[in-house]
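Colleague: One structure is given below, represented as structure tokens, and several questions about it will come after.
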Amino acid sequence: SSQRRAAGEDTHLCVLVHGLGGGPWDWTSIAVEFEKRLNGAAQKRARKNRRGCGGGGNMLVHVSRANSFLKTFDGIDVCGERLAEEIKGIVREKPSLRSISIVGHSLGGLISRYALGVLFCKETGTMYGLKPRHFASIASPHMGCDGSHATENQVPFLEYLTRIPVLGAGIS
């Protein structure tokens, strides 16, 4: 790259995306551990003259705020577009970023997958100019959810949602 990066600049973006009805608070402990462990590991590798995570050293851990709480009910496409716009904003603010990883939990995995499709550029093979590194989804229903055989004990949260006056009418 012809652009020189100053020491300590973030080169890898790691985005954490919560699930249905969640918010940034869902990732607080994990974000702290990611920053502590992964940036520490990258610094150790750099001292051994190896490439760090994302190819340079420091990782920016970003907990998504684009779809907090009730916004998750807007649909995967709407939420995915919002997440993509949030990521584009980060990339514009941090020109030192070179690569991206995304971790999504539950519905956050589906939203993340949609956002990556929005960000993907066929010609360059990048996600809004960033080299894709990792995509991880935790308990995401990529194959859909078949509730036809579920009981209230298997998916109690969905049963309770229909009883909440604010949400229930739109869900049932």
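Colleague: Could you pull the Rg and Dmax for segment 72-111, using just the Cα atoms, both in Å?
Modeller: 11.5, 34
Colleague: List the residues whose amide H sits under 5 Å from the amide H of H62, counting only those 5 or more places along or on another chain, with H placed 1.01 Å from N in the peptide plane.
Modeller: Residues meeting the amide H criterion: C14, V15, L16.
Colleague: I would also like to ask the following. Rounded to whole Hz and in sequence order, give me ³J(HN,Hα) for segment 19-29 from the Karplus expression 6.51 cos²θ - 1.76 cosθ + 1.60, θ = phi - 60°, writing x for Gly and Pro.
Modeller: Karplus-based 3J(HN,Hα) across segment 19-29 equals x, 3, x, x, x, x, 4, 5, 10, 3, 5 Hz.
Colleague: Let me ask you something else. For segment 121-128, just list the computed ³J(HN,Hα) in residue order, Karplus coefficients 6.51, -1.76 and 1.60, θ = phi - 60°, integers in Hz, with x standing in for Gly and Pro.
Modeller: Values, residue by residue: 10, 4, 4, 9, x, 10, 10, 6 Hz.
Colleague: Sticking with this one: Could you give the length gained on full extension between H142 and I76, defined as 0.36 nm per residue of separation minus the Cα-Cα distance, in nm?
Modeller: 22.6 nm
Colleague: Can you work out the Karplus-derived ³J(HN,Hα) for every residue in segment 65-82? Use 6.51 cos²θ - 1.76 cosθ + 1.60 with θ = phi - 60°, whole Hz, and x for glycine or proline.
Modeller: Along segment 65-82, the couplings run 10, 5, 10, 5, 6, 5, 5, 5, 7, 6, x, 4, 5, 5, 5, x, 5, 5 Hz.
Colleague: Would you list H18, H62 from the most to the least accessible area, probe 1.4 Å?
Modeller: H62, H18
Colleague: Let me ask you something else. With label points built 7 Å along Cα→Cβ from the Cα atoms of E93 and R65, find their separation and express it in nm.
Modeller: The modelled label-to-label distance comes out at 0.8 nm.
Colleague: Still on this structure: So how much accessible area does K131 have, in Å² to the nearest 10, using a 1.4 Å probe?
Modeller: Taking all protein chains as shown, K131 has close to 110 Å².
Colleague: Non-local amide H neighbours of S137 (under 5 Å, H modeled in plane, Pro and chain starts lacking H): which ones?
Modeller: Result for S137 returns G104.
The values are calculated or read from the model by the stated rules, or taken from the named source; none is laboratory data. Keep in mind that this is a model prediction, so the values were computed, not measured. Note: ideal-geometry Cβ built from the backbone for every residue, glycine included; neighbour counts use all protein chains shown. Please note that ligands, DNA and RNA were not included when accessible areas were found on the heavy atoms of the full protein model with its side chains. Shrake-Rupley method; radii C 1.70, N 1.55, O 1.52, S 1.80 Å.
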